[in-house]
Amino acid sequence: MVYADAHCHLDFDEFDIDRHELIVQCAASGVKLLVIPGVGRARWSKILRLSAKYSNVYPCVGLHPCFLDLHRDDDITALERVLLMHREIVAVGEIGLDLTMGQQARQLSMFEQQIDLANRFKLPVVMHSRKAHNLILQVLKRKALVSGGLIHGFSGSYEQAVEFWRLGVYLGLGGVVTYERAQKTRQAFSKLPLESIVLETDSPDMPISGKQGERNTPLNIPLIHKAFCSTRAEREEDINDQLMKNTLNLFGMLGH
Ligand SMILES: [Zn+2]
């Protein structure tokens, strides 16, 4: 089977020692499509270089709410320039809101400015949300997404998931599905329409069950897929086909 990792930070330093080997190994093990989100201005060029070097790597650029102290106000202008210059960029991200961090007004302002940019360039957004699902839903009701988006590492309720999906936002499922105790999330994903889900690892974070303390990599996607399939009634191959289609659809890659 062929898989996609819709959200992995392969640009992070944790991968400096073996990034090339890992990306090659991913392709060999069927994880054929890797989407790397950009968390801050200083990282964008590295991600763009990776996507130029590897045909299975797709770049996103954005300003992540957890790195607010690194962002400057003119980073938004820089983001606009990069989007103009690099048509290979598949999404604006990682952006979003994190209510466990401070400076909520500035978070909100940067989030909304980046949604505006994504809409202008007709790109989807890749969103981080911690304790912020309802606030993000409010923003998206005011500011509709032109090309949809992804809420990555979703761990909210079924009802919230359905609301996101109504607004054109895919739900990203990662290693959490491998944990028996993550009942709420597992149940939500077992009931959601298959058309609304994509798989991701959030590597190097979000380790899968049994591999806590280890670096997470996209090579774990087949295990996440298997754990997800065990919660669903559909055939494994059909689930795989649909999830691949969803990733291609979300990032505008159909026909590539
Ligand atoms: Zn992330």
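Every number in this text was worked out from the coordinates using simple rules, so none of it is lab data. Computed from a predicted structure; not experimentally measured. For neighbour counting, all protein chains shown are included, and Cβ atoms are generated from backbone atoms with ideal geometry for every residue, glycine included.
Here the Gaussian network model covers the chain, with springs between Cα atoms less than 10 Å apart; of CYS60, CYS26, CYS229, CYS229 fluctuates the most.
Positive end of the dipole of the chain, charges at C-beta (+1 Lys, Arg; -1 Asp, Glu), about the Cα centre: which of PRO204, GLY148, VAL31 has its Cα farthest in that direction? The Cα lying farthest towards the positive end belongs to GLY148.
Within the listed set PRO193, PRO124, PRO204, the Gaussian network model of the chain (springs between alpha-carbon atoms below 10 Å) gives the highest mean-square fluctuation for PRO193. For LYS141, a cut-off of 13 angstrom between C-alpha atoms picks up these aspartates and glutamates, skipping any fewer than 8 places away in its own chain: GLU112, GLU163. Step through the table entries LYS122/LYS245; LYS32/LYS191; LYS184/LYS226; LYS32/LYS226; LYS46/LYS122; LYS131/LYS184, compare each Cα-Cα distance with 25 Å, and write down the pairs that go over it. Distance filter (> 25 Å) returns LYS32/LYS191.
Would you work out if the range 102-256 is rounded, prolate or oblate? Take a ≥ b ≥ c from the square roots of the eigenvalues of the alpha-carbon gyration tensor; rounded if a/c is under 1.5, else prolate when a/b is larger than b/c, oblate otherwise. Prolate, because a/c is 1.5 or more and a/b exceeds b/c.
Quick one: work out the % antiparallel among DSSP beta bridges in the chain, nearest 5. Walk me through the numbers on the way to the answer.
Values: 0 of 23 bridges.
Just about 0 percent of them are antiparallel.
Of all the options ASN119, ASN134, ASN56, the one that moves most in a Gaussian network model of the chain with Cα springs shorter than 10 angstrom is ASN134.
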